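S.K.: Handing you this structure, nothing more for now.
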Amino acid sequence: FSPPTPPCLHSPTCLYGEFTVAGNRKVRYAVSLTESELIVQRLTSTPVGRNKVVLSLEDCVGCRAYRQHDNADPAAYLAAYFYPLRRRWVSSGVSRQRVEQCFRLAGLQDPRANLEEAEKWARAVRERCARQQHPGDGDELPRSCRLMLLVNPQSGKGQALALYNSHIQRMLNEAGIPHTLVITERQNHARELMREADLSQWDAFVILSGDGLLWEVINGLLERPDWEKAIRTPLGILPGGSGNALAASIHHYSG
Ligand SMILES: Nc1ncnc2c1ncn2[C@@H]1O[C@H](COP(=O)(O)OP(=O)(O)OP(=O)(O)O)[C@@H](O)[C@H]1O
């Protein structure tokens, strides 16, 4: 194939391909991957200004290649998941909105060759995402993270578990982050878990709750004999409580 003339506003194209999308095999798209962006251009004529989408790899949480369970179809699929800041309504503030790009690769008759091509793309997108999001890490990718996600089903109006089912589980899967879900059963449950956890098994603890559960996690870690090392374990908080003051401040200051 011969890539189209690279758009001068973007960095050089690293990968180029022409694919259809999962739901419509008639319309073809030119897909270009640069060091910092995924550029998707519709090849079939379309209303002016709506034929090109530029997605920043800084907003990409994950990318994967897969085949569907249809032996008659040799195609492979490439899915990339983005959460760019967008305005939902003209008058509203910006918030992160989910954008999924899913392409169908069926250039060859051999299903394995199509899958290999999709995997090559997925690896290339993930590597560039890592470089954009963690510029200091050189070419080395961070190893996959083993996460314990603690959810307090009682926090706030009792919506934390629903939030996990509707958003968080999907986002972690899209990001390729294996996680163990722990639903706290009572007051001080999280604190006891942190006192006893084998920290060699975990890379991070994330709390989906209000301030109270994080308070328990921190206290549990500080009550361990190895507290000085334990308290360095990365902690995260996703707002699932009523006030969420701590989550709001941390996310505000971290941008
Ligand atoms: N299954 C459970 N049943 C009852 N209480 C629980 C359970 N799991 C955790 N808890 C306790 O609930 C307390 C309050 O939780 P959390 O801070 O998450 O919610 P919240 O008070 O509604 O939120 P916010 O702090 O934002 O107002 C925690 O200190 C924790 O000990």
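S.K.: I'm trying to understand the selection: among the residues of region 239-255, which are within 14 Å of the ligand (Cβ to nearest atom), part of a loop (DSSP other than H, G, I, E, B) and within 24 Å of the chain's Cα centre (by Cα)? Even if it seems obvious, please write down each step before you answer.
M.R.: Initially, region 239-255 is screened for residues within 14 Å of the ligand (Cβ to nearest atom), giving 239-251.
Retained after the next criterion (residues that are part of a loop (DSSP other than H, G, I, E, B)): 240-244.
Matches in region 239-255: Gly240, Gly241, Asn244.
S.K.: Next question. Please specify each residue of region 179-214 satisfying the condition of being aliphatic (A, V, I, L, M) and within 16 Å of the ligand (Cβ to nearest atom).
M.R.: So in region 179-214, the residues aliphatic (A, V, I, L, M) come out as 181-183, 190, 193-194, 197, 199, 204, 206-208, 213-214.
Passing the criteria: Leu181, Val182, Ile183, Ala190, Leu193, Met194, Val206, Ile207, Leu208, Leu213, Leu214.
S.K.: Have a look at Gly236, Gly176, Gly158 and point out the one that is free of Cβ contacts under 8 Å to residues at least 24 places away in the same chain, surrounded by fewer than 19 Cβ atoms within 10 Å (Cβ to Cβ) and either within 17 Å of the chain's Cα centre (by Cα) or within 16 Å of the ligand (Cβ to nearest atom) (or both). Talk me through it step by step, then tell me what you get.
M.R.: Details: Gly236 fails: free of Cβ contacts under 8 Å to residues at least 24 places away in the same chain; Gly176 fails: free of Cβ contacts under 8 Å to residues at least 24 places away in the same chain.
Answer to the check: Gly158.
S.K.: Given the condition assigned to a loop (DSSP other than H, G, I, E, B), closer than 30 Å to Ala122 by Cα and modelled with pLDDT under 95, answer yes or no: does some residue in region 205-220 qualify? Talk me through it step by step, then tell me what you get.
M.R.: Our first condition is that a residue be assigned to a loop (DSSP other than H, G, I, E, B); within region 205-220, this holds for 210.
If we keep only those that are closer than 30 Å to Ala122 by Cα as well, we get none.
No, that holds for no residue.
S.K.: Could I ask something else about it? I'd like the full set of residues that are under 28 Å from Glu127 (Cβ atoms), assigned to a strand (DSSP E or B) and of a type outside the set (Phe, Trp, Tyr), limited to region 80-93.
M.R.: Quick first cut of region 80-93, residues under 28 Å from Glu127 (Cβ atoms) only: 80-86.
Cutting the leftovers down to assigned to a strand (DSSP E or B) gives us 80-82, 85-86.
Across region 80-93, the qualifying residues are Ala80, Leu85, Arg86.
S.K.: If Asp203 passes every condition in (1) under 19 Å from the mean Cα position of the chain (by Cα); (2) assigned by TED's automatic domain parsing to the domain that holds Thr20 but one, which one does it miss?
M.R.: (2)
The values are calculated or read from the model by the stated rules, or taken from the named source; none is laboratory data. Predicted model, so just to flag it, every value in this text is computed and none were measured. Backbone-built Cβ (ideal geometry, glycine too); neighbour counts: all protein chains shown.
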